[in-house]
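The values are calculated or read from the model by the stated rules, or taken from the named source; none is laboratory data. Everything numeric here is computed off the predicted structure, so don't read it as measured data. Here Cβ is always computed from backbone atoms with ideal geometry, including for glycine, and neighbour counts include all displayed protein chains. When the accessible area is computed, the model is the full protein with side chains, heavy atoms only, and any ligands, DNA or RNA have been set aside. Shrake-Rupley method; radii C 1.70, N 1.55, O 1.52, S 1.80 Å.
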Amino acid sequence: MTTGQILGVIGWSGSGKTSLLEYLVTELTLTGHKINVVKHSHHDVIIEPPQKDSSRLRLAGAQEVLLVSPYRYVIAHELRQQAEPSLDELLTRLSPADLTLVEGYKWEAMPKIEVFRPSLGKSAIYPEDGHVLLVASDAPAPTNLRPGLQWLDLNQPQLVLEWIVAAMQNRIFKKI
């Protein structure tokens with residue numbers, strides 16, 4: 001079961017969530033933090049091409065296939081008409097970490113960063129989600145931000161990193 005803190009990173013497709021996460025994971029691990037990432041996808045995920053052994057065994061009916069190499073391992077678990085597991089259920093499968101970053105899961109009640117680019121033509125999520133603690137955007141902050149909501153320049157990701165490190169030290173993120 002994973003321990004530590006959890007922080008969601010939400011935003012519309014194309015907003016830069018993965019680029020920001022890549023930067024954050026790199027910098028946090030360089031300073032000795034253990035980081036887990038949970039990435040939610042609305043699409044079918046292909047671990048190996050259908051003709052490879054692990055896929056053939058999964059398609060033959062195996063509930064789980066553990067694929068191991070000298071470089072990594074992957075557990076593919078077939079849901080086979082079962083409901084998608086909750087985030088809490090999935091978190092129990094992770095190794096301990098100082099921080100688990102969760103991309104997606106907009107609907108979950110957890111502290112979140114929203115990556116917001118008005119140029120995408122989509123509305124911001126933070127006005128409707130009180131769990132958003134920080135907005136990282138390439139636009140200036142509006143004048144009517146709710147109290148306590150931080151607004152940082154997405155083009156200066158080190159500011160987001162500094163905010164996360166301070167928040168981790170102050171333990172403002174949800175413990176898992």
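When the chain is treated as a GNM with alpha-carbon contacts under 10 Å, the residue of K112, K34, K52 showing the greatest mean-square fluctuation is K52. Rounded to the nearest whole Hz, the Karplus-based 3J(HN,Hα) values (6.51 cos²θ - 1.76 cosθ + 1.60, θ = phi - 60°) of the stretch 61-74 follow the sequence x, 4, 6, 10, 10, 9, 9, 10, 9, x, 10, 5, 9, 9, with x at glycine and proline.
DSSP finds beta bridges in the stretch 1-115, and of those with both partners inside it, around 30 percent are antiparallel.
For the chain, a Gaussian network of Cα nodes joined below 10 Å ranks Y126, Y105, Y73 by mean-square fluctuation, and the top entry is Y73.
Considering only W151, W12, W107, give the residue with the highest GNM mean-square fluctuation for the chain, with springs between Cα atoms whenever their separation is below 10 Å. For the chain, modelled as a Gaussian network with Cα springs under 10 Å, the answer is W107. Measure nothing fancy, just the Cα-based angle from helix 157-169's long axis to the longest principal axis of the chain, in degrees from 0 to 90, nearest 10. That works out to roughly 80 degrees.
For L152, the residues whose modelled amide H falls within less than 5 Å of its own, excluding neighbours fewer than 5 places apart on the same chain, are V135, A136, S137. Annotation for the stretch 127-176 versus the stretch 33-107: alpha-carbon center distance of 29 Å. Helix 17-30 axis versus longest C-alpha principal axis of the chain: approximately 90°, rounded to the nearest ten.
Which value, in Å², gives the accessible area per residue of the stretch 43-176 when a 1.4 Å probe is used on the protein heavy atoms? Let's see the in-between values first.
Details: 8610 Å² over 134 residues.
Result: 64 Å² per residue.
A probe of 1.4 angstrom, applied to the heavy atoms of all protein chains, finds F116 with accessible area near 30 square angstrom.
Projected label points at K34 and Y71, each 7 Å from Cα along the beta carbon direction, are separated by 2.4 nanometres.
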